[in-house]
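The values are calculated or read from the model by the stated rules, or taken from the named source; none is laboratory data. Since we're looking at a predicted model, the values are computed, not measured. Cβ sites come from the backbone with ideal geometry, for glycine too, and all protein chains shown count toward neighbours.
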Amino acid sequence: MDNLTDIQLIKIFNGGNAKAFEGIVNKYAQSVNNFVSYLINNTEEAKDITQDTFVKVWRNLEKFDTNRNFKTWVFTIAKRSAIDYLRKRKNVNFSSLDNEDTDLDFSQNIPDEELLAHEIFEINENIDLVNKALETISVESKMIVLLYNGEEMTFDEIAEILEKPMNTVKSQYRRALISLKKAITLIQAPKP
């Protein structure tokens, strides 16, 4: 069942074959777990949140609109589960910028530096350094960076998951890259 599309797996599952759900889990569990793990910075809790995500997917799979993108639906559930966990933990970096409901393009206010995501994720081979830098940005900005770079989602897909306008997502992504680059520079700076 690993070579079937998401829609085929959903139809088979909804037709009464519970084995099809294993195909869904096999396809998305690792990605969801990685996303949640980076997001909450806790690998053990990420396993529980991932499991909770797939329990919710399983409970609601018959209601899924097959005209929608299944991957974005799964990651929306994962995002909400992770946010619930973080809210319970209450030491979350929720930025006031995350509450912007505007389509304004802030690119004119941002210095025109060449900031490519691979500078952050590929050049810095030290995963601890990237994790420390990710902890300096807001949860929502972290989600955007992880979904765009880790899951290779489009800004349209990310906007759907976050339920925000695409231009807002693009602006947050750009600001997040600038913040990450500054954080990495500070972390790497020699201590006096």
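For segment 74-97, filtered to residues that are farther than 30 Å from Asp6 by Cβ and among the polar types (S, T, N, Q), the residue that is modelled with the lowest pLDDT is Ser96.
Quick test for you: out of Leu4, Leu39, pick the one residue that is modelled with pLDDT under 95 and surrounded by 18 or more Cβ atoms within 10 Å (Cβ to Cβ). If you could, list the steps in order and put the result at the bottom.
Details: Leu4 fails: surrounded by 18 or more Cβ atoms within 10 Å (Cβ to Cβ).
Unique residue meeting the criteria: Leu39.
Return yes or no: is Thr53 at pLDDT 95 or above and of a type in the set (S, T, N, Q)? Answer is yes for this residue.
Of Glu160, Glu151, all but one fail to be closer than 19 Å to Asn41 by Cβ and outside the structural domain of Asn67 (by TED's automatic domain parsing); the exception is Glu151.
Scoring Leu134 on the criteria (1) farther than 14 Å from Leu39 by Cβ; (2) in contact with a Lys or Arg (Cβ under 6 Å, 6 or more places away or on another chain) leaves a single failure, condition (1).
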